[in-house]
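The values are calculated or read from the model by the stated rules, or taken from the named source; none is laboratory data. Being a predicted model, the structure only gives us computed values, none of them experimental. With ideal geometry, Cβ positions are generated from the backbone for all residues, glycine too; neighbour counts draw on all protein chains shown.
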């Protein structure tokens, strides 16, 4: 049974939440988001690799190893795990959910440009990081990044982002995907009140009973 706190947010069921920072960010920048999740009643984990400087070596191998690290980190939890990623960290979260669909209950991304990998997007630098500095991203990796995970996936985006093109953060229609718009800068997505409210609602859904935001 879920209860409501004094602000009307659903209190958590204690399931694990793993946070993935954006490029150049680490635990410190994600701390307000972690504290919010903990106040709501979730067990929050940092991704465990310090400042996000991008994948090293083969990005596909690196992502598989990260998925194994996450699985080990949350191995003591019997419930499904929620993954929240900001910017580049959201791409990690999506790929980990694809590798661990039996362990992940949902993915929530904040300003993560997974839908447009062309050179015209002002998020092109993210893909250069993912592709070892090359200006042309590996086609196989590019295609993989655009595919949604086989679990409920929420993309929170802003037209006033200022760093990534909002169109690149919007997924196509599907039974397990949704896009929710807020009015925030890219840097502000990790603490914006509307984002925190949405996260509380999304995390508060019972496992296996996910409904899109528009259905609430």
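So which pairs qualify, if the first residue must be in region 151-171 and touching a residue at least 60 places away in the same chain (Cβ under 8 Å), the second must be surrounded by fewer than 18 Cβ atoms within 10 Å (Cβ to Cβ) and part of a helix (DSSP H, G or I), the Cβ gap must be under 8 Å, and the two must be at least 6 apart or on different chains? Taking only residues 6 or more apart or on different chains, the pairs are 163/187.
Since residue 35 meets every condition but one in (1) in contact (Cβ under 8 Å) with a residue 40 or more places away in the chain; (2) surrounded by fewer than 17 Cβ atoms within 10 Å (Cβ to Cβ), which condition does it not meet? For residue 35, the exception is condition (1).
Rundown of residues vs (1) assigned to a helix (DSSP H, G or I); (2) over 16 Å from the mean Cα position of the chain (by Cα); (3) farther than 19 Å from residue 35 by Cα, yes/no style:
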position	(1), (2), (3)
155	no, no, yes
171	no, no, yes
179	no, no, yes
184	no, yes, yes
189	yes, no, no
196	yes, no, no
200	yes, no, no
206	no, yes, yes
214	yes, yes, yes
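Residue 68 satisfies every condition listed in (1) modelled with pLDDT of 90 or more; (2) out of contact with any helix residue (DSSP H, G or I) (no Cβ under 7 Å at 6 or more places or on another chain); (3) within 26 Å of residue 169 (Cβ to Cβ) except (3). Restricting attention to region 179-216 and to residues that are in contact with a strand residue (DSSP E or B) (Cβ under 7 Å, 6 or more places away or on another chain) and without any contact (Cβ under 8 Å) to a residue 24 or more places away in the chain, the residue that is surrounded by the most Cβ atoms within 10 Å (Cβ to Cβ) turns out to be 192. Selection within region 94-103: residues that are more than 12 Å from the chain's Cα centre (by Cα) and touching a residue at least 12 places away in the same chain (Cβ under 8 Å). The member of this set that is surrounded by the fewest Cβ atoms within 10 Å (Cβ to Cβ) is 101. Residue count for region 56-88 satisfying the condition of being assigned to a helix (DSSP H, G or I), surrounded by 16 or more Cβ atoms within 10 Å (Cβ to Cβ) and in contact (Cβ under 8 Å) with a residue 40 or more places away in the chain: 4.
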